[in-house]
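Engineer: Sharing a structure here in structure tokens format.
The values are calculated or read from the model by the stated rules, or taken from the named source; none is laboratory data. Since the structure is predicted, the reported quantities are computational estimates derived from the model, not experimental observations. Glycine also receives a Cβ, built like all others from the backbone with ideal geometry; neighbour counts cover every protein chain displayed.
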Amino acid sequence: MVRPGEAIPGDAKLVILPGSKSTRGDLAFLRAQGWDIDLLAHHRRGGHVLGVCGGYQMLGRSVADPEGIEGPAGETPGLGLIDVTTVMTAQKTLTRVTAVHATTNRPIEAYEIHIGHTDGPDRARPFALLGGAPGGAVSSDGRVYGSYLHGLFASDSFRKTFLAQLDIPAADQQYRARVESALDTLADYMDTHLDVEGLLALAR
């Protein structure tokens, strides 16, 4: 995680731009930190970038919000790393999906969550296929990816294969097993330090 005031590390192989509930506002914040300059330098050095949801929208040529859905109405230039544009709309997509990564053919279990419509020439190179339909976009140089799929790295096979393509070592871990282990540890701690039965009785 890069904190405000810090630079994006120059030796990063992959930079991930996460989602946002205020895409244009967070894009302005990103520029105020100088991260737009860092990202362009990272890309020039041969680095890869993945934008998820709002991060995907930021990577395009522009983000327009004519109805002021996320804030003041207007349009903001994007980072220009993917040849797409986004227009915010009131309709929200919230769907559990099973997708297939377009390059590795690995399955992805995720949520498609976003508002707005994104289109442009780079959508001809989809990041993934959702029921056979293209989703997301990949830049012409194949190093910048955009997707509306949230939680895609929870899919073990996809995560390991995708990172291996970028020469990033990935531990041979099972995501869901790690989550269950963490929850079991938390439950054991609560049993040890709290009167769980007493709390449940109060809740009733």
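Engineer: Are there strands (runs of 3 or more DSSP E) fully within the range 67-127 with at least 3 residues that are touching a strand residue (DSSP E or B) at 6+ places or on another chain (Cβ under 6 Å) and without any contact (Cβ under 8 Å) to a residue 40 or more places away in the chain? List them.
Structural biologist: In the range 67-127, 85-101 are the strands (runs of 3 or more DSSP E) which contain 3 or more residues that are touching a strand residue (DSSP E or B) at 6+ places or on another chain (Cβ under 6 Å) and without any contact (Cβ under 8 Å) to a residue 40 or more places away in the chain.
Engineer: Residues that are touching a strand residue (DSSP E or B) at 6+ places or on another chain (Cβ under 6 Å) and surrounded by 10 or more Cβ atoms within 10 Å (Cβ to Cβ): which helices (runs of 4 or more DSSP H) entirely in the range 149-204 hold 1 or more of them?
Structural biologist: Result: 156-165.
Here's the yes/no breakdown for (1) buried (at least 23 other Cβ atoms within 10 Å of the Cβ); (2) out of contact with any Gly (no Cβ under 9 Å at 6 or more places or on another chain); (3) polar (S, T, N, Q); (4) not assigned by TED's automatic domain parsing to the domain that holds Ser157:
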residue	(1), (2), (3), (4)
Leu40	no, no, no, no
Tyr56	yes, no, no, no
Ala64	no, no, no, no
Gly71	no, no, no, no
Asp83	no, no, no, no
Thr86	yes, no, yes, no
Ala99	yes, no, no, no
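Engineer: A follow-up question, please. Looking at Asp36, is it touching a residue at least 40 places away in the same chain (Cβ under 8 Å), surrounded by 20 or more Cβ atoms within 10 Å (Cβ to Cβ), assigned by TED's automatic domain parsing to the domain that holds Arg143 and of a type outside the set (Ser, Thr, Tyr)?
Structural biologist: So Asp36 fails the test.
Engineer: Oh, and also: Going by what's in this entry, would Arg143 be described as among the basic types (Lys, Arg) and either under 15 Å from Gly51 (Cβ atoms) or touching a residue at least 60 places away in the same chain (Cβ under 8 Å) (or both)?
Structural biologist: yes
Engineer: Provide a single number: the residues in the range 143-152 that are more than 22 Å from Gly46 (Cα to Cα) and either among the hydroxyl-bearing types (Ser, Thr, Tyr) or more than 9 Å from the chain's Cα centre (by Cα) (or both).
Structural biologist: So the count comes out to 1.
Engineer: Consider Asp11 against the criteria (1) in a loop (DSSP other than H, G, I, E, B); (2) modelled with pLDDT of 95 or more: it satisfies all of them except one. Which criterion is unmet?
Structural biologist: All conditions are met except number (2).
Engineer: From the set of residues in the range 149-204 that are among the β-branched types (Val, Ile, Thr), within 30 Å of Ala128 (Cα to Cα) and out of contact with any Ser or Thr (no Cβ under 9 Å at 6 or more places or on another chain), which is modelled with the lowest pLDDT?
Structural biologist: That would be Val179.
Engineer: Now for a different question. Collect the residues in the range 127-153 that are out of contact with any Phe, Trp or Tyr (no Cβ under 8 Å at 6 or more places or on another chain) and more than 16 Å from Thr93 (Cβ to Cβ), keeping them in residue-number order.
Structural biologist: Once the filter is applied, which keeps residues that are out of contact with any Phe, Trp or Tyr (no Cβ under 8 Å at 6 or more places or on another chain) and more than 16 Å from Thr93 (Cβ to Cβ), the range 127-153 yields Leu129, Gly132, Ser140, Asp141, Gly142, Arg143, Val144.
Engineer: Could you identify the single residue in Gly51, Gly19 that is within 22 Å of Gly151 (Cβ to Cβ), touching a residue at least 40 places away in the same chain (Cβ under 8 Å), of a type outside the set (Lys, Arg) and not in a loop (DSSP other than H, G, I, E, B)?
Structural biologist: Going through Gly51, Gly19 in turn, the sole match is Gly51.
Engineer: Here's something else I'd like to know. If you take the residues in the range 125-146 that are surrounded by 14 or more Cβ atoms within 10 Å (Cβ to Cβ) and among the hydroxyl-bearing types (Ser, Thr, Tyr), which one is nearest to Tyr111 (Cα to Cα)?
Structural biologist: Ranking the candidates gives Tyr145 first.
Engineer: For the range 4-27, name all the residues that are over 20 Å from Arg45 (Cα atoms), under 17 Å from the mean Cα position of the chain (by Cα), surrounded by fewer than 16 Cβ atoms within 10 Å (Cβ to Cβ) and not small (Gly, Ala, Ser).
Structural biologist: Those that are over 20 Å from Arg45 (Cα atoms), under 17 Å from the mean Cα position of the chain (by Cα), surrounded by fewer than 16 Cβ atoms within 10 Å (Cβ to Cβ) and not small (Gly, Ala, Ser): Pro18, Lys21.
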